[in-house]
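Report on the following structure.
The values are calculated or read from the model by the stated rules, or taken from the named source; none is laboratory data. Note that the structure is a prediction, hence the values are computed from the model and not measured. Note that we place each Cβ from the backbone using ideal geometry, even for glycine, and neighbour counts take in every protein chain shown. In case anyone asks, the SASA skips ligands and DNA or RNA and just uses the protein heavy atoms, side chains included. Shrake-Rupley method; radii C 1.70, N 1.55, O 1.52, S 1.80 Å.
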Amino acid sequence: MKRLLFAAAALLAPFAAIPAHASDEALLGEARKVATTLPPKLLVALQEEIKKSGAEGAIPVCKDMAPRMAGEISQQTGWKIKRVSLKARNDARATPDAWEKAALEDFDKRAGAGESPAKLEKGEKIGNEYRFVKALPVQGLCLGCHGPAEQISPAVKAALGQHYPNDRATGYSEGQIRGVISVRKSL
Ligand code: HEC
């Protein structure tokens, strides 16, 4: 696990700082780049850890590695990074604010109407901040920890129950939106 964390951290490429007067388009591009750095790395780490020690052994990837890597990317880029959801597992970390909630609801509606969830994103300048969210679609791999009860092993259920007494993040099926990655930066 430790080796995995270092390997993942080393992969993070440095980002150029964006000037305060950057155009909306430049900000959107930068935000998108920051937001899309974390998910593929998490996916690889999840795949490796699940293969090695099963879904219950991979819980630290989503629990500890994801926020740690988000912190590292924040430090390198100056963008604040979170993952939020309408059905949070970690409600202390993942409860959306009003802007994020509106985007999540809009994404659910659009995915329900047939839009590809992987393409759903929203960027906006609000006051002295630029904010961006990108949908995180549920893939087959996610179901062992976020799927319907019958797809979650007793060991995973026990671990989740212990860490997350208010867990609402189960019952998903593939293609639904698990949440968004949310990034913001003061201008
Ligand atoms: C091995 C179990 C496991 C797998 C597999 C897994 N997750 Fe998670 N996920 C968790 C745990 C545990 C948390 C709570 C993290 C925390 O404490 O911040 C979580 C939290 C999240 C969050 C943050 C919002 C919240 O509800 O707290 C998102 C978004 C998320 N997972 C998406 C995914 C996606 C998308 C996949 C598949 C690509 C996935 N997860 C696969 C265990 C897992």
| said: Which count do you get for residues in the stretch 168-178 that are within 11 Å of the ligand (Cβ to nearest atom) and either open to solvent by 50 Å² or more (accessible area, probe 1.4 Å) or in contact with an Asp or Glu (Cβ under 9 Å, 6 or more places away or on another chain) (or both)? | reply: 5
| said: For the stretch 92-111, give me each residue that is surrounded by fewer than 16 Cβ atoms within 10 Å (Cβ to Cβ) and either modelled with pLDDT under 95 or aliphatic (A, V, I, L, M) (or both). | reply: A92, R93, A98, A102
| task | State yes or no: is K63 among the basic types (K, R), under 15 Å from the mean Cα position of the chain (by Cα) and in a helix (DSSP H, G or I)? | result | yes
